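Laboratory data are not the source of any read-out in this text; all were calculated from the coordinates shown. Everything numeric in this text was worked out from a predicted model, so none of it was measured. Every residue, glycine as well, gets a Cβ built from its backbone with ideal geometry; the counts of neighbours run over all protein chains shown.
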Amino acid sequence: MHALTDETFTDQTSTGAVLVEFTATWCPPCRMIEPVLAELDRELPAVTFAKIDTDANPTTARDRGVLGLPTLHLYRDGELVAEVVGARPKAQLKTWLEAHL
């Protein structure tokens, strides 16, 4: 997964389908979902998978209205098209992603 920052977020989400995980090192559900996202990254080559640490990059999280972790945002060509808050099983996330591509 690509690591994003406040400075790179807009540029890195501006082209194609990009799934961004808003995360923090202290967040147990975030750690739990990481292997699931890594599997989906391998299974869905049409989607770029990225994450942003909300503690190190609070501006992006604030500007995007992120209140809970993990929050997953799916961007298509820079536009937010779908959002999920909280950890979900792999099958549910895959279905959600495929429905919004």
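So what J values fall out for the range 13-27 if you push phi through Karplus, 6.51 cos²θ - 1.76 cosθ + 1.60 with θ = phi - 60°, rounded to Hz, Gly and Pro as x?
Whole-Hz 3J(HN,Hα) from phi for the range 13-27: 10, 7, 10, x, 8, 10, 9, 10, 9, 7, 9, 8, 5, 8, 8.
Run through the DSSP bridge list for the chain and note the antiparallel percent, rounded to the nearest 5.
The antiparallel proportion sits near 55 percent.
ALA82's amide H: which non-local residues (gap 5+, or another chain) put their own amide H closer than 5 Å, with H modeled 1.01 Å from N in plane and none for Pro or chain starts?
Hits under the 5 Å cutoff: LEU74.
Taking H placed 1.01 Å from N in the peptide plane, check which residues at least 5 places from ALA17 or on another chain put their amide H under 5 Å from its amide H.
Here THR48, ASP77 satisfy the definition.
For the chain, what is the mean residue ellipticity at 222 nm derived from helices alone (per DSSP H run of n ≥ 4: -39500 (n - 2.57); sum divided by total residues; nearest 500 deg cm²/dmol)?
Only helices count here, giving -10500 deg cm²/dmol.
Dividing the convex hull volume of the Cα atoms of the range 2-100 by its residue count, what figure in Å³ per residue is obtained?
Measuring per residue, one finds 84 Å³ for the Cα hull of the range 2-100.
Could you work out how much longer the chain between LYS94 and SER14 gets when fully extended? Use 0.36 nm per residue separation minus the Cα distance between them, nm to one decimal.
Stretched fully, the LYS94-SER14 segment lengthens by 26.6 nm.
For ALA24 and ALA3, compute 0.36 nm times the residue count separating them, minus their Cα-Cα distance, and round to one decimal in nm. Could you put the intermediate results ahead of the total?
On the way: separation 21, 0.36 × 21 = 7.56 nm, distance 1.21 nm.
Full extension of this stretch gives 6.3 nm more.
Relative to the Cα centre, what is the charge dipole magnitude of the chain, using +1 at the beta carbon of each Lys and Arg, -1 at the beta carbon of each Asp and Glu, and rounding to the nearest 20 debye?
Working: 9 positive and 15 negative charges, 73 e Å.
The calculation lands at about 340 debye.
From the backbone phi of the range 53-70, what are the Karplus-calculated ³J(HN,Hα) couplings (6.51 cos²θ - 1.76 cosθ + 1.60, θ = phi - 60°) in whole Hz, Gly and Pro given as x?
Karplus values, whole Hz, x for Gly and Pro: 7, 6, 6, 7, 9, x, 5, 5, 4, 5, 5, 8, x, 6, 10, x, 10, x.
Hey, how many Å between the Cα centroid of the range 53-92 and the Cα centroid of the range 1-43?
8 Å
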